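Data block below; observations after.
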Amino acid sequence: MTDLALGGKAADRERILRHLQSYGVYLGVAVLLLLNIAVTPHFLSAENFRTQAVQVAPVLIVALGMALAIGSEGVDLSVGSVMALSTSLLSLYLGYGTWIALIVAIIGGAAIGLANGSLIAFIGIQPIVATLALMVAGRGLALVLLPQLKDVRDPTMASLGSGDVLGIPYLALIAAALALLVAFVVRRTTFGRQLLAIGDSRPAARLAGLPVRRVLILVYVCSGALAAIAGVLATARLTASDPTSLGNLMELSAITAVVVGGTPLSGGRVRIGGTVAGAVLIQLLTATLIKHDLPPSWTQIAQAIVIILAVYAARERGKR
């Protein structure tokens, strides 16, 4: 009888952990929404929701690329530096036309991703080491290209950063479209299935004849390109290029959004819906602390606690 009771308790605990990992992020978003509705003045105003949507867009876009990297049993620590590089390239090439500058900025981010992927796929360097090297190099290159803050005076960029469709900001619409695109790629394409298989077991994927190197390179190219897009959108919102500060600690926010959203650090699974909710959770947490006059450093502490709890839940579930 005692064994049956213990078995029942273990099963209940497993069920709770499974639900927390899968749906805890949505519960967290709901709790923060209700808390802010109750205690934050003007939280339900249209202007506040617009502000939150605009601010969460770059975090979400970077997190989409991070989800692909983590799903392949890797990580991309260079995303913040890629954002800085993209803003430097954008500012330098705006004189040749807005679209040329946008393309160059995104290509620059993809090039950093290509370097990351090549180091990982061909040389065999661990993702955390390879992307850490490019994180340092990318930020340095961004500062060499643009040593200080520079105003971006371009009508197209200004419209991109502040325009909207039926009250929905362009930045939010772009982020939503990219989330749908990445979700489709992961769930419905051969590349997505190969990515998940490689993340689940790289040796088994090689034995099955999957193009492991090609997929890994594409994963990091996508992550770099998405981070560059986020950098462009952040620049449009700020109407200034600032490679010194743009993207600082963005890797922390992106990893938090992905892990809290239910994508395991061990790879083999990607939850895009959870990643979107995770990005919203991080934004709401940041906004809540700021609106109640707490310093930004508390946001970083809160993010660290959240990611530790999410990893602990995944680890406890993995033991069973």
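Within segment 78-119, the set of residues being in contact (Cβ under 8 Å) with a residue 60 or more places away in the chain, over 20 Å from ALA133 (Cβ atoms) and not β-branched (Val, Ile, Thr) comprises LEU90, SER91, LEU94, LEU102, ALA105. Among the residues making up segment 195-251, those that are without any contact (Cβ under 8 Å) to a residue 12 or more places away in the chain and not charged (D, E, K, R) are PRO203, ALA204, ALA205, LEU207, ALA208, GLY209, SER245. The number of residues in segment 145-156 being buried (at least 16 other Cβ atoms within 10 Å of the Cβ) and under 23 Å from ARG50 (Cβ atoms) comes to 2. Looking only at residues in segment 49-64 that are more than 18 Å from VAL221 (Cβ to Cβ) and open to solvent by less than 10 Å² (accessible area, probe 1.4 Å), the one that is nearest to the chain's Cα centre (by Cα) is PRO58. Does VAL75 qualify as being within 18 Å of ALA254 (Cα to Cα), free of Cβ contacts under 8 Å to residues at least 40 places away in the same chain and hydrophobic (A, V, I, L, M, F, W, C)? When the stated conditions are applied, VAL75 does not pass them. Given the criteria of a type in the set (Ser, Thr, Tyr) and in contact (Cβ under 8 Å) with a residue 60 or more places away in the chain, does TYR312 qualify? It is false that TYR312 is of a type in the set (Ser, Thr, Tyr) and in contact (Cβ under 8 Å) with a residue 60 or more places away in the chain.
Listed by position, the helices (runs of 4 or more DSSP H) inside segment 245-320 whose residues that are of a type outside the set (S, T, N, Q), open to solvent by less than 80 Å² (accessible area, probe 1.4 Å) and at pLDDT 80 or above number at least 2 are 250-260, 272-291. Where residues in segment 91-144 are of a type in the set (Phe, Trp, Tyr) and over 20 Å from ILE61 (Cβ atoms), which of them is least open to solvent (accessible area, probe 1.4 Å)? By that ranking, first place goes to TYR93. Only residues that are surrounded by fewer than 24 Cβ atoms within 10 Å (Cβ to Cβ) and more than 14 Å from ALA257 (Cβ to Cβ): list them for segment 65-76, please. Within segment 65-76, GLU73 is the sole residue that qualifies.
The values are calculated or read from the model by the stated rules, or taken from the named source; none is laboratory data. These figures come from a predicted structure and were not determined experimentally. Note: ideal-geometry Cβ built from the backbone for every residue, glycine included; neighbour counts use all protein chains shown. Note: accessible area is taken over every heavy atom of the protein model, side chains too, but ligands, DNA and RNA are not part of it. Shrake-Rupley method; radii C 1.70, N 1.55, O 1.52, S 1.80 Å.
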